[in-house]
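So the structure is just underneath, and the comments pick up after that.
What follows draws every value from the coordinates through simple rules; no lab data is involved. Being a predicted model, the structure only gives us computed values, none of them experimental. Here the Cβ is made from the backbone with ideal geometry for all residues, glycine too, and neighbour counts use every protein chain on show.
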Amino acid sequence: MSKRTIWIVVAVVAVIAGIVIGLLVFAGNADDTATASPTASAMATETRLAAESPTPTLSATPTPTPTAVTCDTISTDDFRDMMNENGFVSWETTGEQIGARPFDAFPDGPPADQIVCRWGDGPEVATDNVIDLAWAPLPSADQSGTQDYLISQGYTRSHDDATVLISVEGGDGYLFTASDVRWAPRADYLQYIQSPDAAQ
């Protein structure tokens, strides 16, 4: 083999080696580009877009807490002031054998969540010097049978736009509103009973 042929072979091998090295370098750069981390300007743009996106706000409307049904919440401020002046305290007598049970005779039985309260010197004091008041939830749709029953028992009815008063002359009385029924041992005491929600 001549010297000239050897140099041609060496040159061809060098060219081929250069092409191979060039391809390898190019392939390595392509992988680096594909896996490159985002640039600072790209991250800044993403951060700005995220900051500009509206954040949904949850408008939580609080559910009103129902007022507890107690002797204080079913009686008016004026009534409690009078009882305090007399030195009277209140206690619940719902379901007790001794004391008022004004809803027991209702055709459908006493309404759920009824409350009967007594004001006097105290539950341990034996005296007739007490005042009872009672309240129960009773929607107007459920009242007609009860009112008719009371009238059949000798009560009389009178009413205005908001309430129906059923009472016995000189005796006890029931006041029916759109959402409840109230009882007092004297019809004129009905003014001292309120819906527990009115106590808020």
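Between the residues T156, V130, P107, the greatest Cα displacement towards the positive end of the dipole of the stretch 91-186, with unit charges on the Cβ of Lys, Arg, Asp and Glu, is found for T156.
Where Lys and Arg each count +1 and Asp and Glu each count -1, what net charge lies around F88 among other residues with Cβ under 10 Å from its Cβ?
On the way: positive: R80, R118; negative: E85, D121.
Counting the neighbours of F88, the net charge comes to 0.
For the stretch 82-200, the normalised intensity computed at q = 0.24 Å⁻¹ comes to -1.55 (log10 of I(q)/I(0), Debye sum over alpha carbons, equal scatterers, no solvent). Using a simple spin-label model with pseudo-atoms 7 Å out from Cα toward Cβ, E96 and A112 lie 2.6 nm apart.
What number comes out for the charge environment of A141, summing +1 per Lys or Arg and -1 per Asp or Glu over other residues with Cβ under 15 Å away?
Charge balance in the 15 Å sphere: -4.
Shape analysis of the stretch 63-103 places it in the oblate category; the axes a ≥ b ≥ c from the Cα gyration tensor give an a/c of at least 1.5, with a/b not above b/c.
Near V168: Cβ cut-off under 14 Å, other residues only, Lys/Arg at +1 and Asp/Glu at -1. The net charge is -1.
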